[in-house]
Structure formats: structure tokens, C-alpha cells
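To keep things clear, I will list the structure first and then write my remarks on it.
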Amino acid sequence: MKLQISNLNKTYKKGAVKALDDFSVTLTPGVYGLLGPNGAGKSTLMNIITDNLNADSGEVLYDDKNIKKLGKDYRSVLGYMPQQQGLYDDFTLNRFLWYMAALKGLKKKEAKEKITQLLETVNLTNTAHKKLGGFSGGMKQRALIAQALLNDPKILILDEPTAGLDPKERIRIRNFISEIAEDKIVLISTHVVSDIEFIAKEIILIKEGKLVSHDTCNNLTKEIENKVFEVEIDKEELKYFQENYRVSNLYHNDKKIIVRLVTDIPPENHNIQSVTPTLEDLYLYVFETGK
Ligand code: ADP
Ligand code: MG
């Protein structure tokens, strides 16, 4: 099974905004993290992959067939959790899931089993009879994830599934995604590195609509080996370092400050130590430019 995203271009506002710029990548079963800051083009890409938006040019192929031609056959293997959804605030969660199950063409018995199981998985069984309008952000996110899974999708597209979740909920959702990913193509967008750092087989970095690179977390962080340092500085120097370097972390140590920097050229005349890069360091290196 593969999903081939091929040379996608998309502009908005009559060409004034370029949201995707010749974007290509091929996905096979496993979890992919689509990582980039706000405005990078993640949602645009996902809307095109799920056939909710037309690209200006380029195509998406599912097992070598154009998804536009597959139509219903493609939608039946697809699960999509959009970033924003006018949730049906007056619906109870149960009614919402039954409604979505009907839209996806599930039979009654099938729907019943699936809904019971999914409510359990997303930890919302006890609130199934409550109206969505009264749900917290995290509960809404979990309700949306549940609906994306109703049809047991082969391709699962999750647009910022952990936005608004507290750390405990994040971990729960992350582990859950990891569990269900077997035999599926799962694409998760986020600007939070820890959401995908340990569960993604590949990280796809997107910047201003362009593919920066895609690889395993290990290989990506290798790209900045010998570019990450811990430097001991005086308090008075902090402002200078923050203005001139990508500072990924800092902590106070007696009268000194230790800053963690991602830089091509390490500062001189300081007590510095080269450290092992993390995906967060890479994120800074790629997205915090001009330093
Ligand atoms: P992300 O999901 O990574 O935050 P988006 O795909 O939402 O990025 O947006 C990419 C770019 O396209 C941004 O500059 C955004 O402002 C612009 N954009 C997105 N949707 C629209 C739209 N419907 N009309 C005009 N501009 C849009
Ligand atoms: Mg988005």
C-alpha cells in the first residue's frame, strides 16, 4: 500500500499566497509526522490528500491510481480528523458518532460495536450521553479522533490531533495512535516535536509550502551533529545570545547561565561543550532562520 503525493502546488488569493510549492512525498504503512510552524501548509496538504480541496497542479495517487478517479473507493479507506470543525454542539457524543457512522455507510450492528469500542479507546464512555457543546477542548479532540476511526481506515489523516490537550491526554492519544498504526498509513500534523518524536517512522519537515526533508528522527538529527552546544555565559550576556543565536534551552547554574545553542559557528572564548542533537534542536535549526 502506498500514497504518492506528487508535485502539489496550491495558491490562495489569486496566487498571492503560495501554500504548497511543488510538494512531493510517498507514504507507506507507518506513522509519519508532518512537522512545521503555523502557516507552513500542513492543513492545505491534508485537505488535498483527503480530497476536500483541489490543488492547482500535481496529483495524489493511492496504489498508483489517482484519488480523484477512485472517488468513493478512496473515501471508504480514509479517516480524516480536520483541524477545525464546527462541532455539532447540540448533538450528544453518541448521536454525533452514530451520525458520522451513517455518513460513512456503516451497518447498524457494525456501528454499535465500533462506537462502543472507540468510546472506550478515547476514554469518553461516561460522557457519551452529554452534549458536545459542553465538552472541553481535549474531549472534543478525542471525539473527533473517534469519528475518524469509525470506518477502520487504511489511511488516517490527523490534523493537529493533540492541540489543546493536557500532557496526560497527549500521552494517551500518542500511544493510542501508535497502537492502531499497524498496517495503516498515518499522517499526523503538529508543531509540537514531542508529539511525533518517538512514534513516527519518518518526520516530514514542511516550510513555506516546501518539503525541507523527510527521514527518520535519527537521520534528521544527524544532520546537525556538531552544531549543538551548551555554553556557559554570564547573566549580562543572555540578551546578546538570545538575539544572535538559536537558543533551544537555558538554565541557571550558580551565578552563570548555561544556554543550549544550535549554530553552525560556536561562540569563542567560552566554556562550551558539544551535545547530542534532538529533534527540537533540528526544529529550531530549520525554522528559526535569520540567526
Ligand atoms: P498550517 O496548517 O501549516 O498552519 P495552512 O495550510 O493552514 O498552514 O496555511 C498555509 C498558508 O496558506 C498560510 O499562509 C495561510 O494563511 C494560507 N491559507 C490557508 N487557507 C487559506 C484560505 N482559505 N484562504 C487564503 N489563505 C489561506
Ligand atoms: Mg493547520
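Data for the structure
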| quantity | calculated |
| --- | --- |
| Euclidean distance of C-alpha centroids, region 207-257 and region 106-154, integer Å | 40 |
| Farthest toward positive dipole pole in the chain [+1 Lys/Arg, -1 Asp/Glu at C-beta], among GLY39, THR216, GLY164 | GLY164 |
| Computed helical MRE - 222 nm, the chain, DSSP H runs ≥ 4 contributing -39500 (n - 2.57), nearest 500 | -8500 deg cm²/dmol |
| Region 3-221: radius of gyration over Cα atoms, expressed as a fraction of 2.2 N^0.38 Å | 1.00 |
| Charge dipole magnitude, Cβ of K and R +1, D and E -1 - the chain, Cα centre, debye nearest 20 | 1540 |
| Estimated Rh, region 32-112: Kirkwood, alpha-carbon pairs, angstrom | 15.0 |
| nm² value of the averaged projected area, convex hull over the Cα atoms of region 226-275 | 3.1 |
| Neighbour cut-off at most 16 other Cβ (10 Å), DSSP loop, GluC sites (Glu not before Pro), region 148-210 | GLU182, GLU208 |
| LYS227, LYS68, ranked by accessible area, largest first (probe 1.4 Å) | LYS68, LYS227 |
| Calculated SAXS-style log₁₀ I(q)/I(0) at q = 0.11, 0.15, 0.21, 0.26 Å⁻¹ - region 205-291, Debye, Cα scatterers | -0.32, -0.56, -0.97, -1.33 |
| Calculated SAXS-style log₁₀ I(q)/I(0) at q = 0.21, 0.22 Å⁻¹ - region 157-275, Debye, Cα scatterers | -1.12, -1.16 |
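The values are calculated or read from the model by the stated rules, or taken from the named source; none is laboratory data. No experiment lies behind these values; they were computed from the predicted model shown. Cβ sites come from the backbone with ideal geometry, for glycine too, and all protein chains shown count toward neighbours. Ligands, DNA and RNA are excluded from the accessible area calculation, which covers all protein heavy atoms including side chains. Shrake-Rupley method; radii C 1.70, N 1.55, O 1.52, S 1.80 Å.
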